[in-house]
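Note sheet for the following structure.
Quick note: the coordinates plus some simple rules give every number you see, no bench work behind them. Owing to the predicted nature of the structure, the values given are computational and were not obtained by experimental measurement. Quick reminder, even Gly has a Cβ in these numbers, built from the backbone with ideal geometry, and neighbours come from all protein chains shown.
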Amino acid sequence: MKKLLIVDDEPDVKEFAANFFRKRKIEVITAGNGQEALDLFEKEKPGLILLDIKMEGMDGIEILSRIREKDKQVLVVMVTGKKPEEDQARKKCEELGISGYIHKPLELDELERVVLSLIR
């Protein structure tokens, strides 16, 4: 079972997702910003990252680029409040090699289906 890193600058969203996966016996670590995410990525070596695109400061795409400089294999699922056709973010994320794309508000069945299929 891989370790899951959840990156979101909204504490309620981050805790909601973290608790959801902890109840499923998945080891979860959380970060509230880009720098914290990169530090935890280096230290904890998660197998899967749930990464919010839109955050204050360093956004998810920047974090994804920096992670890809160090690790091309780690699985990353992007989380967005936008529909994919509304912007170029999805295209950019796919170029950087993501494993999935989840929309907010988080729907538990989608979250579970996407993440559990990758983490097991």
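Things worth noting here:
- Residue in the stretch 31-42 that is nearest to residue 77 (Cα to Cα), counting only those that are surrounded by fewer than 18 Cβ atoms within 10 Å (Cβ to Cβ) and touching a Gly at 6+ places or on another chain (Cβ under 9 Å): 33
- When the residues of the stretch 1-30 are filtered to those that are touching a residue at least 40 places away in the same chain (Cβ under 8 Å), aliphatic (A, V, I, L, M) and surrounded by 15 or more Cβ atoms within 10 Å (Cβ to Cβ), the one that is farthest from residue 75 (Cα to Cα) is 13.
- Inspection of the stretch 106-120 identifies at least one residue that is in a helix (DSSP H, G or I), in contact with a helix residue (DSSP H, G or I) (Cβ under 8 Å, 6 or more places away or on another chain) and either without any contact (Cβ under 8 Å) to a residue 60 or more places away in the chain or among the charged types (D, E, K, R) (or both).
Residue-by-condition table, conditions (1) of a type in the set (Gly, Ala, Ser); (2) more than 12 Å from the chain's Cα centre (by Cα):
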| site | (1), (2) |
| --- | --- |
| 19 | no, yes |
| 37 | yes, no |
| 65 | yes, yes |
| 77 | no, no |
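- Total residues in the stretch 62-81, condition closer than 15 Å to residue 8 by Cα and either among the charged types (D, E, K, R) or crowded, with 18+ Cβ neighbours inside 10 Å (or both): 8
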